[in-house]
Amino acid sequence: QPCHLQEPPFFPDTLPHNNLHPHQAAAAALRILQHLFHTLSTNSTRQHWHTQPRNDLLNKLQHYIHRLEQCLPDNATLFKGPRNTLLAINKYFRDIHLFLHAHNHSACAWDHVRLEA
């Protein structure tokens, strides 16, 4: 059972529901994995996660990040157009960090973020 906050988090849909070119989809997946790795690597997560499962997850994320980086061309040219998917992903994770910060990285806030992830 997740904890209940006075104001439950709202994490909007990040990616547009249109078809991305395979390289764009891979670049989006890479960016999401990088953000997850960064978020879960911070000191504020250590008190709310068991050490070994957290380390296992970080190792797996790093493995997939490395594999995606190897097969992608320079992703600076992958996202053009009116809706920049990478910027939307960045905003999404910024909102998650703001939510965690607003709730002092509490166990309850982390429960909501875990459910979202």
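For region 22-116, the per residue solvent-accessible surface stands at 61 Å², with DNA, RNA and ligands left out and a 1.4 Å probe.
Of the peptides 58-71, 88-101, 22-35, the order by per-residue mean of other Cβ atoms within 10 Å, starting with the highest, comes out as 22-35, 88-101, 58-71. Available extension along the chain between F37 and A102 is 21.3 nm, counting 0.36 nm per residue and deducting the alpha carbon span. Using a probe radius of 1.4 angstrom, the carbon and sulfur fraction of the accessible surface of region 22-116 is 56%. On the beta carbon distance between K91 and H4, with R0 = 41 Å, the FRET formula returns roughly 0.95. Computed from the Cβ-Cβ distance with R0 of 35 Å, the FRET efficiency linking E116 to Q52 stands at 0.95.
Shape of region 22-116 from the C-alpha gyration tensor: oblate (a/c of 1.5 or more and a/b not above b/c, with a ≥ b ≥ c the square roots of its eigenvalues).
The values are calculated or read from the model by the stated rules, or taken from the named source; none is laboratory data. For clarity, every value in this text was computed on a predicted model and none was experimentally measured. Cβ sites come from the backbone with ideal geometry, for glycine too, and all protein chains shown count toward neighbours. Surface areas here come from the heavy atoms of the whole protein model, side chains and all, with no ligands, DNA or RNA. Shrake-Rupley method; radii C 1.70, N 1.55, O 1.52, S 1.80 Å.
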